[in-house]
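Below: the structure, in structure tokens.
We did not get these values from a lab; they are worked out from the coordinates using the rules stated. As the structure is a prediction and not an experimental result, all values here were calculated from the model. Positions of Cβ are backbone-derived with ideal geometry, glycine not excepted, and every protein chain shown enters the neighbour counts.
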């Protein structure tokens, strides 16, 4: 399922995206908060891509490559994973630093959340961000997400946010 926004095209991950996503995910500025500053091997990127492709088949949602609508260049990723048992889908996102500061991550994340609530009938979406990642925390608040708690996730202190479909529908239409 592709999504189009005024400036972006979001398309599901494909095998051919493994190398460009690996390059994105190992970028120093991106991996700082995404991979805890670890340079992941290409095999790990392949696992993530394949896992998302499986989620698309099983659940009808997953992660998208975020592409510039004009050039079709892959500039980031956004979407959902169903990773934490008993939790609703988790929103994930990230852009190459060359594309930061233009509101594109918010545009992509808002399109993903709209898809989740309107097309997949999610009741809740959650996200976690590192306490030092002020840009990501501001994005979550722009989406209307509410702070829930601070707790450890995969060995790191994280801030958890969520938004319900009911809260989202107060400001948006399906």
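Quick rundown of the values:
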quantity	calculated
Contour excess over end-to-end distance, with Cα ends at residue 114 and residue 28 and 0.36 nm allotted per residue	27.9 nm
Label-point separation in nm, residue 166 to residue 106, each point 7 Å along Cα→Cβ	2.7
Ranking of 84, 55, 90 by count of other Cβ atoms within 10 Å, fewest first	84, 90, 55
Among 152, 26, 124: highest mean-square fluctuation, GNM of the chain, C-alpha pairs under 10 Å	152
Cα gyration tensor, the chain - rounded (a/c under 1.5), prolate or oblate	rounded
Residues 93, 33 arranged by fewest to most Cβ contacts within 10 Å	33, 93
Centre separation in Å (Cα based) which lies between the range 75-127 and the range 54-71	10
Candidates 156, 95, 24: whichever shows maximal mean-square fluctuation once the chain is modelled as a Gaussian network with Cα springs under 10 Å	156
Computed lengthening from residue 70 to residue 98, 0.36 nm per intervening residue step minus Cα-Cα distance	8.5 nm
Most mobile listed residue (149, 63, 23) in the chain, GNM with C-alpha springs under 10 Å	149
MRE, 222 nm, helices only [DSSP H, n ≥ 4, -39500 (n - 2.57), over the chain, to nearest 500]	-9500 deg cm²/dmol
Length released on extending from residue 4 to residue 141, taking residue separation times 0.36 nm less the Cα-Cα span	47.1 nm
Residue 174-residue 46 pseudo-label distance in nm [points 7 Å out on the Cα-to-Cβ vector]	3.9
FRET efficiency estimate (nearest 0.05) - Cβ-Cβ, residue 157 to residue 123, R0 25 angstrom	0.40
Ranked 119, 165, criterion: other C-beta atoms within 10 Å, fewest first	119, 165
